[in-house]
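Everything below concerns the one structure shown next.
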Amino acid sequence: MTMRFLFRGIEIDEKTRDYILKRIGRIEKLVDKVTIFEVEVSQDKKGKFRVEVMVKTPHDTYRAEEMTESVEGSTDIVIDALEIQIAKKKTKSHDLKLRGKRSIKKKLVVDKAARF
């Protein structure tokens, strides 16, 4: 797993960086194989912080961004949004597998003389 940090026009202390890493650990548990985590933190002229996190897996890419007054607040919102995206993708693939199993079961014809 590769993790990239990009801080534009801002200095982040170790406490904030550790907080971001801790929150990203939650995402890492949900996704099987993560190849790249990209975290971008920037600050605009009004003092608001923009946090963007991109998670790349072999088959999917998940991305979320948020702009609030604090880096921690933006990070929390972004991580929650990523969790929702990942959960939606997992349930969608699970539902498609069940639908396929049901359609095969409907098409299956069993002879009454067969023993099971």
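A short reminder: the numbers here are calculations on the coordinates, not readings from a lab. What you see is a predicted model, and the numbers here were worked out from it, not measured in a lab. Don't worry about glycine lacking a Cβ; one is built from the backbone with ideal geometry, like all the others, and counts go over all protein chains shown.
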Which FRET efficiency, nearest 0.05, do Glu69 and Asp18 yield, Cβ-Cβ r, R0 22 Å? 0.60
Nearest 10 degrees, 0 to 90: helix 71-107 Cα axis against the chain principal axis: 10 degrees
With springs only between Cα atoms under 10 Å, which of Val55, Val41, Val31 fluctuates most in a Gaussian network model of the chain? Val31
So the angle from the long Cα axis of helix 14-30 to the longest Cα principal axis of the chain, reported in degrees to the nearest 10, equals 10 degrees
Under the Karplus curve 6.51 cos²θ - 1.76 cosθ + 1.60, θ = phi - 60°, whole-Hz ³J(HN,Hα) for segment 42-53, x wherever Gly or Pro sits: 9, 10, 8, 5, 7, x, 7, 9, 10, 10, 10, 10
Apply 1/(1 + (r/R0)^6) to the Cβ-Cβ distance of Glu83 and Glu11, taking R0 = 35 Å, and write down the FRET efficiency to the nearest 0.05. 0.80
Could you order peptides 13-24, 97-108 by the average number of other Cβ atoms within 10 Å of their residues, highest first? 13-24, 97-108
Gained length - Asp111 relative to Thr61, 0.36 nm times residue gap less alpha-carbon distance: 13.3 nm
Asserting the computed 222 nm helical MRE of the chain (DSSP H runs at least 4 long, -39500 (n - 2.57) per run, divided by residue count, to nearest 500) equals -16500 deg cm²/dmol
5 Å is the cut-off here: which amide hydrogens, built 1.01 Å from N in the peptide plane, fall below it relative to Met3, excluding neighbours closer than 5 in sequence? Phe37
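Kirkwood hydrodynamic radius, computed over distinct alpha-carbon pairs, for the chain: how many Å, to one decimal?
16.6 Å
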